[in-house]
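Accompanying notes for the structure given below.
The values are calculated or read from the model by the stated rules, or taken from the named source; none is laboratory data. Please read all numbers here as calculations on a predicted model, not as lab measurements. Note: ideal-geometry Cβ built from the backbone for every residue, glycine included; neighbour counts use all protein chains shown. Remember, those area values only see protein heavy atoms, side chains included, never the ligands or the DNA or RNA. Shrake-Rupley method; radii C 1.70, N 1.55, O 1.52, S 1.80 Å.
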Amino acid sequence: MDNVKVVPVVVIKNIEDTLPTLQALCDGNLPVAEITFRTACAEEAIKLGVKNFPDMYIGAGTVINKEQAIKAYNAGAKFIVSPGLSEEVALFCKEKGIAYYPGCVTPTEIMKAISLGINVIKFFPANVYGGLKAIKALAGPFPQVKFLPTGGADETNLKEFLDCDKIFAVGGSWMMKGDIAQNCKKINEIING
C-alpha cells in the first residue's frame, strides 16, 4: 500500500451495489476500498470484490473484534482497519501477515500500538482530535509512526495532509457521494498537481 495516498471508506448496504461501486473507484483511477463491517453484507462484498477486482487493494474497515477480522481475512481482505486498537485483532493480523491499521489518538494508545509492532495508525476522527496540528505534535515523540487520518479530510484539505511527511495516506468517504469516478479523478488531480 506504499503508493496509495487515499483510502476510500466504502459502505455497501446492498450486495448488488458492490461491483458498480468498485468499478467506479477503478474508473476514477483510485483502485482502493476499505469496505466497512457496518453492514450485514460486508463479508460477502469483500469476497465479491476480491474475486472480480484482483488488482484492487481491498480491505475491511470498522473491524472491532477478532471474529470480524477472521471473516475479513477469509473473505480475502488485504488489510484491516479498526476505529480503535484491538490487541486480539492486532495479534491475529500479525500471525496472518496482514496489515492492520488501528485507530489511535492518544500517546498511550500509540505506545500500545508500537508495542504490538504497528507503525501505521488510523487517526480517527481526525477533525475531532485536532487534525493535522495534533498529528504533527504526536509525530515528535513517535518519529517511527505514520498516520492514516480519517474523518474531516476532503478535497479542501487533502493536499495539506499529504504534504506532511508523517501522513501514510488519507482515509474518508467524501468521494463516495455523487459521481464516484469523477470525484476520484479530482483526487488524483490534487495528488499529482
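Please compute the length gained on full extension between residue 74 and residue 4, using 0.36 nm multiplied by the number of residues separating them and subtracting their Cα-Cα distance.
Value of the extension gain: 22.9 nm.
Run the dipole for the chain about the Cα centre, Lys and Arg Cβ at +1, Asp and Glu Cβ at -1, nothing else charged, and hand back the magnitude in debye, nearest 20.
300 debye
Around residue 81, which amide H atoms from residues at least 5 apart in sequence, or from another chain, sit under 5 Å from its own amide H, with H modelled in the peptide plane?
60, 61, 62, 63, 101
Apply the Karplus parameterisation 6.51 cos²θ - 1.76 cosθ + 1.60, with θ equal to phi minus 60°, to every residue of region 9-23 and state each ³J(HN,Hα) to the nearest whole Hz, in sequence, with x for glycine and proline.
Computed from phi, the couplings for region 9-23 are 8, 10, 9, 9, 8, 10, 4, 5, 7, 4, 5, x, 5, 5, 4 Hz.
Let me check I've understood the local charge: for residue 139, count other residues with C-beta under 14 angstrom from its C-beta, Lys and Arg +1, Asp and Glu -1. What total comes out?
Around residue 139, the surrounding residues sum to +2.
Taking each pair of different alpha-carbon atoms in the chain once, compute 1/r for the pair, average those values, and report the inverse of that mean as the Kirkwood hydrodynamic radius in Å to one decimal.
Hydrodynamic radius (Kirkwood, Cα only) of the chain equals 16.5 Å.
So what is the 222 nm mean residue ellipticity for the chain from helices alone, if each DSSP H run of at least 4 adds -39500 (n - 2.57) and you divide by all residues, rounding to the nearest 500 deg cm²/dmol?
Rounded to the nearest 500, it is -11500 deg cm²/dmol.
Describe numerically, in nm with one decimal, the distance between label points set 7 Å from Cα along Cα→Cβ at residue 64 and at residue 13.
About 1.9 nm separates the two model spin labels.
Run the simple label-point estimate for residue 182 and residue 164 please: 7 Å along Cα→C-beta, distance reported in nm.
3.1 nm
With the calculation restricted to Cα positions, what are the radius of gyration and Dmax of region 100-193 in angstrom?
Cα only, region 100-193: 13.7, 41 Å (Rg, Dmax).
Using Cα pairs under 8 angstrom and six or more residues apart, how large is the relative contact order of region 56-193, in percent?
Reported relative contact order: 15 percent.
In whole Hz, what ³J(HN,Hα) sequence does region 177-193 give by Karplus (6.51, -1.76, 1.60; θ = phi - 60°), x for Gly and Pro?
9, x, 7, 4, 4, 5, 4, 5, 4, 5, 4, 5, 5, 5, 4, 8, x
What does the convex hull of the alpha-carbon atoms of region 85-146 project to on average, in nm²?
Directional mean of the projected Cα hull area for region 85-146 stands at 3.9 nm².
State, in angstrom, two size descriptors of region 32-81 derived from its alpha carbons: Rg to one decimal place and Dmax to the nearest whole number.
9.3, 27
How large, in percent, is the carbon and sulfur part of the accessible surface of region 1-130 at a probe radius of 1.4 Å?
The nonpolar share, carbon plus sulfur, comes to 50 percent.
Go through 51/94; 47/122; 94/185; 47/136 and tell me which ones have a Cα-Cα distance over 32 Å in this structure.
Pairs exceeding the cut-off: 94/185; 47/136.
What's the longest bit of the chain with no exposed trypsin sites (Lys or Arg not before Pro), using DSSP loop states and at most 13 other Cβ atoms within 10 Å as the test?
Free of exposed loop sites, the longest segment is 39-176.
Keeping every protein chain present and rolling a 1.4 Å probe, give me the accessible area per residue for region 80-190 in Å².
Here the residues of region 80-190 average 46 Å² of exposed surface.
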